[in-house]
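Below: the structure, in structure tokens.
The values are calculated or read from the model by the stated rules, or taken from the named source; none is laboratory data. Here the structure is a predicted model, which is why all the values come from computation and not from measurement. Note: ideal-geometry Cβ built from the backbone for every residue, glycine included; neighbour counts use all protein chains shown. Side chains are part of the model used for accessible areas, which takes the heavy atoms of the whole protein and leaves out ligands, DNA and RNA. Shrake-Rupley method; radii C 1.70, N 1.55, O 1.52, S 1.80 Å.
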Amino acid sequence: MEHEITRKDMLKWLDEKDPEKLSGLYREAYACKLRYAGPKVYFRGLIEISNVCAKNCYYCGIRRDNRDLSRFSMTEEEILEATKTVYDLGYGSIVLQSGECQDDAYTAFIEQTIRKIKSRTSQKIGITLSLGEQTAETYERWFRAGAHRYLLRIETSDPSLYEKLHPGDHSFEVRRDCLRALRRTGYQVGTGVMIGLPFQTHENLVSDLLFFQEEDVDMIGMGPYLPHAGTPLSWPDGNYDPADHFRLGLVMISLARLLLRDVNIAAATALQTLDATGREKGIAAGANIIMPNSTPTAYRKLYQLYDNKPCREENARQCRSCLEKRICGAGDEVGYGEWGDSPHFLKRHGDLRGAFPKNRQP
Ligand code: 5AD
Ligand code: SF4
Ligand code: FES
């Protein structure tokens, strides 16, 4: 029986600077991924369907008060077209992401679009949603329509740090309760945090990992915080070291893998802003999911959550061949045409794949 990694071990690793020791950690996490999540890397085509957002998070480039960008919302036809591209590229799943809106027209639009995506792909494409906080009823409607995974980053598990990063009407407790509602609805639930935030300590990061464990989530998506010039938040002058923040990003992936073992873990795009081969390194440190940008090129510049987001000029096909080269070049295999569900979820549900309603079968 392998021993469980402790808070003390995790703190020690977050402080570790010796490249050889760190390589040892990444290798151990990679071996753990092979054992508990299998050898494949799964691609999820990320379609950023709208940059309209009712919220005002201090760190985010598409926050409501940023008047420096035009707002777009893809039409149903555009989303179906982008989905078809993803499907034809051989990805097993899409992720629909947008700013947060809760009005009836929006929630109904999403529900109908999910149904159409499922029917146009003969129920074959897996749908992950990343559409923010919603009521339990909305989560339920979207689930029934055919979505089966949901990503909602907690951003930080420390309520007082959460308060520093958000206006007063954004609530940590509401967000955490959304994660619980998603789980009760039956979704595979993903969460995550930003790494290297102003005011964030290594103790905070360890607590984040333990939060993932306590909430028993199925998927993790975390990445470095990167500033956006049009937002109120930035790093205190002069004490930002990109290489060190990148190191923290990789260490967090490895620690999440060693602690949680059979969850899906994404290598975030933001890693690639800090290091040209950041996403491959994320895979080598224990991640098993990549979300290639599959947003129509014309909209990409309008969905800059942080400055210097990669792939602004490319299209979905270019991102596929780019990432395939990167992943296969590093010796990993891509699980094309498969959902690549979280083994943690399947285990919790006694591998119910065969028992899912028809529209949920891969
Ligand atoms: N740097 C890194 N990640 C960011 N996000 C938003 N703004 C930034 C930023 N400046 C992340 C948040 C959100 C996800 C969609 O994008 O974690 O949950
Ligand atoms: Fe809106 Fe999400 Fe950005 Fe916050 S992080 S402003 S909710 S898009
Ligand atoms: Fe988009 Fe490399 S992944 S260009």
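I'm told Thr113 meets every condition in (1) more than 16 Å from ligand 3 (Cβ to nearest atom); (2) β-branched (Val, Ile, Thr); (3) over 16 Å from Gly132 (Cα atoms); (4) within 20 Å of the chain's Cα centre (by Cα) except one. Can you identify the failing condition by its number?
Exception for Thr113: condition (4).
Within the range 80-92, is even one residue in contact with a strand residue (DSSP E or B) (Cβ under 6 Å, 6 or more places away or on another chain), without any contact (Cβ under 8 Å) to a residue 60 or more places away in the chain and closer than 22 Å to Thr191 by Cα? I'd like the intermediate steps shown before the answer.
Of the residues in the range 80-92, the ones in contact with a strand residue (DSSP E or B) (Cβ under 6 Å, 6 or more places away or on another chain) are 82-83, 86, 91-92.
Now narrow it down to the ones that are without any contact (Cβ under 8 Å) to a residue 60 or more places away in the chain: 83.
Within this subset, residues satisfying the condition of being closer than 22 Å to Thr191 by Cα are none.
No; the residues of the range 80-92 include none that is in contact with a strand residue (DSSP E or B) (Cβ under 6 Å, 6 or more places away or on another chain), without any contact (Cβ under 8 Å) to a residue 60 or more places away in the chain and closer than 22 Å to Thr191 by Cα.
When you look at Gly249, is it crowded, with 19+ Cβ neighbours inside 10 Å and assigned to a helix (DSSP H, G or I), yes or no?
So Gly249 fits the description; yes.
Confirm whether Arg153 is basic (Lys, Arg) and in contact (Cβ under 8 Å) with a residue 12 or more places away in the chain. Working first, answer last.
Working: basic (Lys, Arg): yes; in contact (Cβ under 8 Å) with a residue 12 or more places away in the chain: yes.
In short, yes.
Looking only at helices (runs of 4 or more DSSP H) that lie completely in the range 1-106, which have at least 1 residues being open to solvent by 40 Å² or more (accessible area, probe 1.4 Å) and closer than 20 Å to Gly249 by Cα? Spell out the reasoning first.
Details: elements: 7-15, 19-37, 76-88.
By residue number, 7-15, 19-37.
Can you list residue pairs whose Cβ atoms sit under 6 Å apart, with the first residue in the range 37-66 being closer than 27 Å to Leu161 by Cα and the second being modelled with pLDDT of 95 or more and basic (Lys, Arg)? Count only pairs 6 or more apart in sequence or on different chains.
Partner pairs satisfying both residue conditions: Asn51/Arg71; Val52/Arg71; Cys53/Arg64; Asn56/Arg63; Asn56/Arg64; Cys57/Arg63.
Looking at Asp237, Asp241, Asp216 in this structure, which one is of a type in the set (Asp, Glu), surrounded by fewer than 23 Cβ atoms within 10 Å (Cβ to Cβ) and at pLDDT 95 or above?
On the way: Asp237 fails: at pLDDT 95 or above; Asp241 fails: at pLDDT 95 or above.
Sole residue among the options that is of a type in the set (Asp, Glu), surrounded by fewer than 23 Cβ atoms within 10 Å (Cβ to Cβ) and at pLDDT 95 or above: Asp216.
Which one of the conditions (1) closer than 24 Å to Ser98 by Cα; (2) free of Cβ contacts under 8 Å to residues at least 40 places away in the same chain; (3) open to solvent by 20 Å² or more (accessible area, probe 1.4 Å) does Cys319 fail to meet, given that it meets all the rest?
Of everything listed in (1) closer than 24 Å to Ser98 by Cα; (2) free of Cβ contacts under 8 Å to residues at least 40 places away in the same chain; (3) open to solvent by 20 Å² or more (accessible area, probe 1.4 Å), Cys319 misses just condition (3).
Which ones in the range 160-182 are open to solvent by 60 Å² or more (accessible area, probe 1.4 Å) and either under 19 Å from the mean Cα position of the chain (by Cα) or touching a residue at least 12 places away in the same chain (Cβ under 8 Å) (or both)?
At the first step, the residues of the range 160-182 found to be open to solvent by 60 Å² or more (accessible area, probe 1.4 Å) are 160, 163-164, 168-169, 173-174, 177, 180.
Within the range 160-182, Lys164, Glu173, Val174, Asp177, Arg180 meet the criteria.
Identify the residue in the range 271-295 that is open to solvent by 10 Å² or more (accessible area, probe 1.4 Å) and assigned to a helix (DSSP H, G or I) and, among all such residues, is farthest from Glu324 (Cα to Cα).
Once the filter is applied, the top-ranked residue is Leu274.
Have a look at Thr128, Thr191, Thr185 and point out the one that is open to solvent by 10 Å² or more (accessible area, probe 1.4 Å), among the β-branched types (Val, Ile, Thr) and in contact (Cβ under 8 Å) with a residue 24 or more places away in the chain. Walk me through it before giving the result.
On the way: Thr128 fails: open to solvent by 10 Å² or more (accessible area, probe 1.4 Å); Thr191 fails: open to solvent by 10 Å² or more (accessible area, probe 1.4 Å).
Matching residue, one of Thr128, Thr191, Thr185: Thr185.
Pick from the range 30-78 the residues that are among the small types (Gly, Ala, Ser) and touching a Ser or Thr at 6+ places or on another chain (Cβ under 7 Å): which of them is nearest to Leu259 (Cα to Cα)?
Initially, the range 30-78 is screened for residues among the small types (Gly, Ala, Ser), giving 31, 37-38, 45, 50, 54, 61, 70, 73.
Checking the rest, the ones that are also touching a Ser or Thr at 6+ places or on another chain (Cβ under 7 Å) come to 45, 50, 61, 73.
On the way: Gly45: 27, Ser50: 35, Gly61: 32, Ser73: 39 Å.
That would be Gly45.
Of all residues in the range 175-198, how many are closer than 20 Å to Leu274 by Cα and touching a Leu at 6+ places or on another chain (Cβ under 8 Å)? Can you show your working first?
Within the range 175-198, the subset closer than 20 Å to Leu274 by Cα is 192-198.
Imposing the further condition that a residue be touching a Leu at 6+ places or on another chain (Cβ under 8 Å) reduces the set to 192-193, 195-198.
So the answer is 6.
What are the residues in the range 300-311 that are surrounded by 14 or more Cβ atoms within 10 Å (Cβ to Cβ) and touching a helix residue (DSSP H, G or I) at 6+ places or on another chain (Cβ under 6 Å), if any?
Pro310, Cys311
Within the range 296-315, track down each residue that is closer than 22 Å to Ala229 by Cβ, more than 13 Å from ligand 1 (Cβ to nearest atom) and in a loop (DSSP other than H, G, I, E, B).
Lys301, Leu302, Cys311, Arg312, Glu313
Within the range 127-166, which residues are away from ligand 1 (no atom under 14 Å from the Cβ) and either at positive phi or at pLDDT below 95 (or both)? Break it down into steps so the answer makes sense when it comes.
Going through the range 127-166, the residues away from ligand 1 (no atom under 14 Å from the Cβ) turn out to be 127, 134-149, 158-160, 163-164.
Gly146 - this is the single residue of the range 127-166 that is away from ligand 1 (no atom under 14 Å from the Cβ) and either at positive phi or at pLDDT below 95 (or both).
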